[in-house]
1. Please go through segment 95-125 and pick out each residue that is away from the ligand (no atom under 16 Å from the Cβ) and under 14 Å from the mean Cα position of the chain (by Cα).
2. Which condition number does residue 269 fail, the rest of (1) in contact (Cβ under 8 Å) with a residue 60 or more places away in the chain; (2) within 16 Å of the ligand (Cβ to nearest atom) being met?
3. Determine if segment 354-367 includes at least one residue that is more than 16 Å from the ligand (Cβ to nearest atom), over 18 Å from the mean Cα position of the chain (by Cα) and at pLDDT below 95.
4. If I ask for residues that are part of a strand (DSSP E or B), touching a helix residue (DSSP H, G or I) at 6+ places or on another chain (Cβ under 8 Å) and modelled with pLDDT of 95 or more, which ones from segment 49-72 would you list?
5. Only residues in segment 388-405 that are without any contact (Cβ under 8 Å) to a residue 40 or more places away in the chain count as the first member; pair them with residues that are not in a loop (DSSP other than H, G, I, E, B), Cβ under 9 angstrom, at least 6 apart or cross-chain, and list the lot.
6. Here is a list: 236, 320, 295. Which entry is within 20 Å of residue 225 (Cβ to Cβ), part of a helix (DSSP H, G or I) and either in contact with a helix residue (DSSP H, G or I) (Cβ under 7 Å, 6 or more places away or on another chain) or away from the ligand (no atom under 16 Å from the Cβ) (or both)?
7. Please go through segment 453-475 and pick out each residue that is under 20 Å from residue 400 (Cβ atoms) and loosely packed, with under 14 Cβ neighbours inside 10 Å.
8. Going by what's in this entry, would residue 220 be described as on the phi < 0 side of the Ramachandran plot and crowded, with 22+ Cβ neighbours inside 10 Å?
Ligand SMILES: [Zn+2]
């Protein structure tokens, strides 16, 4: 029984953009047919999206909620919880987020997932999943446990090849252990999600800049530099190549060297996928010198204009598949507490404006098709992360996660209008659209600025990576 019809003249489907009725029954889309052809009997709600753009809900495959955040003075605190971030996500047109379940020594992988479930169950307004993150020296039984987790629907494993900063020792996993994990993932059809930096280069540059007294965070691009991205991407990709059946998702690609490494690997037929962040696409290291310049920072680092244009090129040739946020939601005071290359915190608040910003930059300013934009903010993440076609597409059988972008809501972004932190790195940015409606599995959760979601709405998403994603660069 159809209960809702979304009727629009610019509905973005996998078949292209057109005038369609999207018919919904309960939580699912049941039909996508030509506009006006679904009869509107009694009890059927019509959502008229004429003059607007109807897209599948955004997917942010890289966020951190309730995440330990080291600051220079005082104890490590936690960033804002899923309730805050997911609400902001929905206001901005993102209906699914993927966070991390962080394994630490002494715990099991199963125990890690159960603990994270306690923090998320009944605490998230949108749908969600976790990457399992491992760190440091891995006890010999951990790779096997990761294989079991892949089979149980937790198919993505996050690995760092660097400690990131001198104070975070213990984060990186050495290549022997990475090799073991890759073998288990290959055997179980999992996917490694990688934070790749060359630890030697990064730590060498910390030492050098500290010796030279150039410790301000504005020097971050010299520490977390393009050479590091070049070496580390090529080394980990080569390791994956040596373990047949391995596939990699390279998180927060920031440099032209990273894009080139991914492009070359894909040309050889290797299943390597690139993610970048909206701040890397729109800011450079020059922005570190602006007031409160830390608010633009995320590790590895903002880089140069040439890197930025390489990232944009990567979205054209498939080297970059997704645009995420690396969300770290906290106050401006916390975000700007660290002022040095070794104590400035990563991540920032940006989950809410991501979809509208990317629409503006891609469709509005660069002439990308609506399908291309939707691929980069939703569909590709769904396909790579094992959520497709349940998520990331407007098609019969998919979850009714639907967002309506309204050109009449064109605006400049201001933190006080958002629902995240008390600042926004996007303050003053002009966006050409803003969501007028967000629907999560058939329920309207944001309607013209009114929030209608509840904390029982968000659901954990079991996943399985499709074979075609692991066998070759499928998209
Ligand atoms: Zn991150």
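The values are calculated or read from the model by the stated rules, or taken from the named source; none is laboratory data. Every value quoted in this text rests on a predicted model; they were computed, and no experiment measured them. Every residue, glycine as well, gets a Cβ built from its backbone with ideal geometry; the counts of neighbours run over all protein chains shown.
1. Filtering segment 95-125 down to residues away from the ligand (no atom under 16 Å from the Cβ) leaves 95-96, 104-115, 117-125.
Listed by number, the residues that qualify are 95, 96.
2. Every listed condition holds for residue 269 apart from (2).
3. Checked segment 354-367: no residue is more than 16 Å from the ligand (Cβ to nearest atom), over 18 Å from the mean Cα position of the chain (by Cα) and at pLDDT below 95.
4. So in segment 49-72, the residues part of a strand (DSSP E or B) come out as 49, 53-56, 58-60, 63-64, 68-69.
Remaining after also requiring touching a helix residue (DSSP H, G or I) at 6+ places or on another chain (Cβ under 8 Å): 53, 55-56, 58-60, 63, 69.
Those that are part of a strand (DSSP E or B), touching a helix residue (DSSP H, G or I) at 6+ places or on another chain (Cβ under 8 Å) and modelled with pLDDT of 95 or more: 53, 55, 56, 58, 59, 60, 63.
5. Cβ pairs passing all conditions: 389/382; 389/383.
6. Values: 320 fails: part of a helix (DSSP H, G or I); 295 fails: within 20 Å of residue 225 (Cβ to Cβ).
None of the other options fit; the residue is 236.
7. If the condition is that a residue be under 20 Å from residue 400 (Cβ atoms) and loosely packed, with under 14 Cβ neighbours inside 10 Å, then 454, 456, 462 are the ones that fit.
8. Working: on the phi < 0 side of the Ramachandran plot: yes; crowded, with 22+ Cβ neighbours inside 10 Å: yes.
In short, yes.
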